[in-house]
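Take a look at the structure below.
All of the numbers you see were taken from the coordinates with simple rules; none came from a lab. Keep in mind the model is a prediction, meaning the values are calculated, not measured. When we count neighbours, we look across all protein chains shown, and the Cβ atoms used for this are built from the backbone with ideal geometry, even at glycine.
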Amino acid sequence: MSAAVSPLEQMVVVLARDLADGELGAAGAAALVPMAAIALARELHAPNLTIGGEMFFNPLPGRLYPSMLDDRALGRCEAAETFIELFGHSHHGLDFFFHSGLQHDAYGNINLHHVGGTLHAPKMRGPGAANLSYCHTSTRFYICPTVHTARNFVEKVDFITIPGHLSGPEAKCEAGLINEGPRFVVTPRAVMDFDKTTLRMRLKSVHAGNTAEEVQRHTGFDLGITGDVPQTPPPTDEELTVLRERIDKTGTLRA
Amino acid sequence: MEGNTNPTRRSKVAGLQDAARLALDALQDRPELCLGGLFKQGRPVALVRALLAAGASGLHVYSSPGAGYDIDLMIAAGAVEQVFIPGVTLENRLCPNFRSAVEAGQVTAHALDALTVVGGLMASAHGVPFQPIDALRGSDVLKHNPLIREIDCPFSGRRIHAVGPIRPRVTFLHAQEADRWGNLRHLSTMVYADQLMARASDMVIASVDRIVPDNVILDDPSRVTVPGHYVDAVVELPYGAHPTASFPNYAMDEDHIDAYADLGDAARAGDRAGLDAYIARHVTGPKSQDDYIEAVGGAGYLARLEAEARKR
């Protein structure tokens, strides 16, 4: 591959590798990276992965779109549903889902409502979010914001829109969050996962071109770095070829 | 009793101003307005503009769980008191006037989620006193959501949630086609929550890109998405969803929405002149949908959106 791997392409490949054949999942609101990951998994190792739960099944878009709530982005799809069926999917859960927000904290909680102030007297009011259920009715979810700074990775979010691991195992259990919750976090800089015992976020690997120190500097809480941090396995030739030639034909992930 | 020897069925076709007055009158007794479509697709924007031009104020606005341009415009025009929509965003950027008004305390934006809104509409549509919800946990939204209560499940004994009926006084929908009796056909891939809202509301007013002959409906009844039984008035409005999309007829006008959002951002920064001019030009100025089409660039401009809608 001639052109260098972009940070978004690296994110897509990390996510795609974790999606399994036969699973049911959906992309969430910020769909660009998740849809590319789902499509890549379907092309490479998960031909029976079903895209569903967001009012359409198995869309075949001609290119990548920032939102799937667009008939052009759906392209041709196998079937359409409505919010009535979404009500049921939200209770039954999916195998995987994706989230990102204004703020993400050390336990994988996500804020989309307000930064500063209070809900009804906010310093900055965010968009809110529609689906608050897939994060815990689904087997797992992934956090994949396309920016990673000390401002959007904070020790504690100002408002928990999407619960991650709350404040750890005890709080999670008390709230009735019985599924895995956020499995890992992938950003343009690195991959973070959660300590099995404390459920606190920690640095797992850094993408090519980044150092652990840089990632820590751009994160508003301690990432628990102890020894050498491995590099995120870069895309293989096959992954990159399929991604660029069959899924992201317009180069959106490199723009 | 004098028998009517030649009874005629009443057409539901209405003009834009008449439809807006009908809605405005109904909203006087209960200001609960609900909008069909989702984000930048299938939104009844021409009806919204007409309602704003007719002087609506103090509205409580519901929608399918995601909205952007139209709710922001209604707030910019000073017509909204409370927002009951879980996600308010232009997707590629935040809604400027929504943000400003909520941050200034001029508008109350309730913390809600999709299941509360959909469940409330389901309870109303089905005629039951509440809809149970058993998929809300761990979010701070639960501490603030004004529409839900905790209940004990009578079967399992577990604590679950209930939402009471959401019964909009008026719902505006946009579909691609209808006959004169108000039978609607969505030709778009997604139908959002439009069918649920139609059954949940006191009054339903729909805009359509075109009115079709009765036989189009009669020859293919399974394609009707909302039976005319639920529809009180239908208005033929070419480009009635603009600047949102009405697939497969025309795509969303991203450039128009972005230019509007730039004016909203300028207003946030203290310069409201551009936003006021926008409202005068697009909302209060046009006397008809034809005037509006001219104001946004005419048929030639909109033909681009038709071509874009055919790209799949």
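List of remarks:
- Per-residue average of Cβ from other chains inside 10 Å of B:183-194: 4
- Cβ-placed point charges (K, R +1; D, E -1), dipole of the stretch B:108-257 about Cα centre in debye, nearest 20: 700
- Residue by residue along B:137-149, Cβ atoms of other protein chains within 10 Å of the local Cβ number 6 on average.
- Restricting attention to the stretch B:80-215, close to 50% of DSSP beta bridges with both partner residues there are antiparallel.
- What you get for chain B, charging only the Cβ of Lys and Arg (+1) and of Asp and Glu (-1), is a dipole of about 580 debye around the Cα centre.
- Ranked list, fewest to most other Cβ atoms within 10 Å of each Cβ, for A:Phe96, B:Phe130: B:Phe130, A:Phe96
- Cα-Cα pairs of the stretch B:214-312 separated by more than 15 Å (percent): 71
- Shape category assigned to chain B from the gyration tensor of Cα positions, a/c cut at 1.5: oblate
- When the helices of chain A are scored as -39500 (n - 2.57) per DSSP H run of n ≥ 4 and the total is divided over every residue, the value at 222 nm lands at -6000 deg cm²/dmol.
- Residues with amide H under 5 Å from that of A:Gly117, placed H, sequence gap 5 or more: A:Lys123
- Gyration tensor analysis over the Cα atoms of the stretch A:55-169 returns equivalent ellipsoid semi-axes of 28, 17, 14 Å (largest first, whole Å).
- Dipole magnitude of the protein assembly as shown, debye to nearest 20 (Cβ charges: Lys/Arg +1, Asp/Glu -1, about Cα centre): 360
- The ranking of A:Phe221, B:Phe98 by Cβ neighbour count inside 10 Å, starting from the fewest, reads A:Phe221, B:Phe98.
- Of the peptides B:139-149, A:241-251, A:151-161, B:34-44, the ranking by mean beta-carbon count within 10 Å, highest at the top, reads B:34-44, A:151-161, B:139-149, A:241-251.
- With a cut-off of 11 Å between beta carbons, the residues surrounding A:Ala41 carry a summed charge of -3, where Lys and Arg count +1 and Asp and Glu -1.
- A helix-only calculation puts chain B at -10000 deg cm²/dmol for mean residue ellipticity at 222 nm, using -39500 (n - 2.57) for each DSSP H run of at least four residues, averaged over all residues.
- Inter-chain Cβ neighbour average for residues A:118-125, partner chain, 10 Å: 5
- Inter-centroid distance (Cα atoms) of the stretch A:108-136 relative to the stretch B:93-170, Å: 15
- Estimated Rh, the stretch B:198-258: Kirkwood, alpha-carbon pairs, angstrom: 13.3
- Amide H contacts for A:Leu24 (H built 1.01 Å from N in the peptide plane; partners 5 or more residues away or on another chain; cut-off under 5 Å): A:Thr50, A:Asp95, A:Phe96.
- 12 Å Cα-Cα reach of A:Lys204 towards aspartates and glutamates, excluding residues that sit fewer than 8 places from it in its own chain: A:Asp193, A:Asp195, A:Asp228
- Local electrostatic count, A:Arg217, Cβ distance below 13 Å [Lys/Arg +1, Asp/Glu -1]: -1
- Cα shape, the protein assembly as shown, gyration tensor, a/c 1.5 rule: prolate
- A cut-off under 13 angstrom between Cβ atoms defines the neighbours of A:Phe97, and their net charge, with Lys, Arg +1 and Asp, Glu -1, is -3.
- Those lysines that a straight Cα-Cα span of less than 30 Å connects to A:Lys123, excepting residues fewer than 8 apart in one chain: A:Lys156, A:Lys172, B:Lys40, B:Lys143
- For chain A, a Gaussian network of Cα nodes joined below 10 Å ranks A:Met124, A:Met55, A:Met11 by mean-square fluctuation, and the top entry is A:Met124.
- The alpha-carbon atoms of chain A define a convex hull whose volume equals 131 cubic angstrom per residue.
- Farthest towards the positive end of the charge dipole of the protein assembly as shown, among the residues B:Gly15, B:Leu52, B:Val234, is the Cα of B:Leu52, using unit charges on the Cβ of Lys, Arg, Asp and Glu.
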